[in-house]
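All of the numbers you see were taken from the coordinates with simple rules; none came from a lab. Predicted model only: the values in this text are computed from it and were never measured. Using ideal geometry, Cβ is built from the backbone for each residue, glycine included, and neighbour counts are taken over all protein chains shown.
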């Protein structure tokens, strides 16, 4: 990361849980992206999230997004993060065209689903 920073690349450091985020000096992906603990996002939700100044700055000011403890995130959560980023950046590639680095123990148990 220090190499990226030394080159002027804006990096967001996130994790799936608060404990993991604390250990790496980041924040949860849920708070960074503004999705919170929602199970799904409506277009109205996406509009509200995009109007939050801190979320807008997070997403427009980043070139690389690091997500730790990736195995603890569901595909639905990743889709919601991508949707918010696409909307705010007005770039409809995955994650609004931001490079995403996913890190974690890929042999760890998957997240618990309600079903």
Checklist entry - For the chain, modelled as a GNM with alpha-carbon contacts under 10 angstrom, which of 24, 55, 66 fluctuates the most? => result 24
Next on the checklist: For mean projected area of the Cα convex hull in nm², pick the label among [x] 10.9; [y] 7.6; [z] 12.3 that corresponds to the value derived from the coordinates.
Outcome noted: [y]
Checklist outcome for this item: Residues of the range 30-56 with backbone N under 11 Å of the label point set 7 Å from the Cα of residue 74 along Cα→Cβ are 38-41
Item to check | Exposure proxy ranking, count of Cβ atoms within 10 Å, fewest first, for 68, 45, 91 | outcome: 91, 45, 68
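Can you put 89, 3 in order of Cβ neighbours within 10 angstrom, beginning with the fewest?
On the way: 89 18, 3 7.
Final ranking by Cβ density, sparse to dense: 3, 89.
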Next on the checklist: What distance in nm lies between label points placed 7 Å from Cα along the C-beta direction at residue 101 and residue 24?
Outcome noted: 0.9 nm
Next on the checklist: Just to verify a number: FRET efficiency for residue 64 and residue 42, C-beta to C-beta distance, R0 = 30 Å, to 0.05?
Outcome noted: 0.55
Checklist entry - What number, rounded to the nearest 500 deg cm²/dmol, is the helix-based mean residue ellipticity at 222 nm of the chain, given -39500 (n - 2.57) per DSSP H run of at least four residues and division by all its residues? => result -11000 deg cm²/dmol
Checklist outcome for this item: By Cβ neighbour count within 10 Å, fewest first, 107, 95 rank 107, 95
